[in-house]
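What follows is a set of notes on a single structure, which appears directly below.
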Amino acid sequence: MDSDSDRFSSSTALGTVGARGPGRVLTAMDRLERWSALDGAVDAVQRVVHALPAGQVRDALHGRWLGHPVHPLLVQVPIGSWLSAAVLDLLPGDRRTSATALVGVGLGAAAPAAVAGWVDWAELQRQQMRVGLVHAAANAAGVALYAASFLARVRGRTALGKVLGFAGLTVVGVGGAVGGHLAYRQASGANHAEAVPHQVPDGWQDVADHDSLPVDRPVRRYVGDVPVVAVRASDGAVHVLADVCSHLGGPLSEGTVSDGCVQCPWHGSRFRLDDGWNVRGPATAPQPAFDTRTVDGRVQARIRREGPAVRRRA
């Protein structure tokens, strides 16, 4: 009975502590978001990244072809290789050749993962970029330690190579924790329009008076309580998409329209008006699109449940 009471008191105390607010780790991460001293470095690195090849190469690095950022996929190879090398280093017996090979594989795979990460990072918000810069710095330090570990191993200094490898794994782990904050707490790679189909009312909803919509200029209207961007084409057809950009939530209604697409004013993602397809990144997800009709001069919209790829195959 006493032990049950002690466990209840302990869990209650832990719950009380948790309810007081963020702990030390989360407090440090929140401070990192506000660390304006990093802004000079952020601006300098962003200029370098923006000088990288544009167009399809940049979109491929963003992961537009995959439907979500490609960076998290690419980092599995170096992390998996280095973790496997660490396991071999801890096991008895002579596994030096295998461990060295795994460290080398990780080093080779780190480069494309880093490039993809930098391309994504350069299109983030300021607070996200500060956290991302620390994430990248930790990963770069980890790569440097693993490079030193690889050199030590091939030169026969296995013990030193192991120490450097474990140090590198620790630093990469810290970088991964910071990256987790960036991805999940700050939602840097999430689809920011994913909730729209679940928030709008079912069926046809009144949007606007047809003649009140300007031609070839995006304007904000609402379907229920959900903001949408409405564009009236020169032929009178009205296109309606979710207004919140899938990339980072930018207002498409403040963007521009050209060649049948609306462009986000924040980071330049382009979405096809007739079905919401993301024809250019950094957005990796399409915009939720609406079917439209005009009844007695009023534009009505209904959420389109199937995606653009399904509609085009049909």
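The values are calculated or read from the model by the stated rules, or taken from the named source; none is laboratory data. Bear in mind the structure is a predicted one, so any value in this text is a computation, not a measurement. Using ideal geometry, Cβ is built from the backbone for each residue, glycine included, and neighbour counts are taken over all protein chains shown.
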Residue count, the range 274-306, condition closer than 23 Å to GLY189 by Cα and either without any contact (Cβ under 8 Å) to a residue 60 or more places away in the chain or part of a strand (DSSP E or B) (or both), comes to 9
Does the range 178-186 include one or more residues that are basic (Lys, Arg) and farther than 28 Å from GLY281 by Cα?
-> no
Restricting attention to the range 167-176, does a residue exist that is closer than 30 Å to LEU248 by Cα, out of contact with any Asp or Glu (no Cβ under 8 Å at 6 or more places or on another chain) and touching a residue at least 60 places away in the same chain (Cβ under 8 Å)?
-> yes
Can GLY132 be described as crowded, with 22+ Cβ neighbours inside 10 Å and either in a helix (DSSP H, G or I) or at pLDDT 95 or above (or both)?
-> yes
What is the residue count in the range 233-273 for residues that are within 22 Å of the chain's Cα centre (by Cα) and part of a loop (DSSP other than H, G, I, E, B)?
-> 14
Does the range 59-102 hold any residues that are touching a residue at least 24 places away in the same chain (Cβ under 8 Å) and either over 27 Å from the mean Cα position of the chain (by Cα) or at positive phi (or both), and which are they?
-> GLY63, GLY67, ALA85, ALA86, ASP89, ARG96, ALA99, THR100
Please state which one of VAL238, VAL229, VAL262 is within 17 Å of ARG298 (Cβ to Cβ) and surrounded by 14 or more Cβ atoms within 10 Å (Cβ to Cβ).
-> VAL238
Go through the residues of the range 77-94 one by one and say whether even a single one is touching a helix residue (DSSP H, G or I) at 6+ places or on another chain (Cβ under 7 Å) and within 30 Å of CYS245 (Cα to Cα).
-> no
Residue check: is ASP94 of a type in the set (D, E, K, R) and surrounded by fewer than 20 Cβ atoms within 10 Å (Cβ to Cβ)?
-> yes
Pairs only if they're at least six apart or on different chains, beta carbon under 9 angstrom, first in the range 206-234 and outside the structural domain of THR294 (by TED's automatic domain parsing) and farther than 16 Å from VAL295 by Cβ, second small (Gly, Ala, Ser) and surrounded by 16 or more Cβ atoms within 10 Å (Cβ to Cβ); list them, first residue then second.
-> none
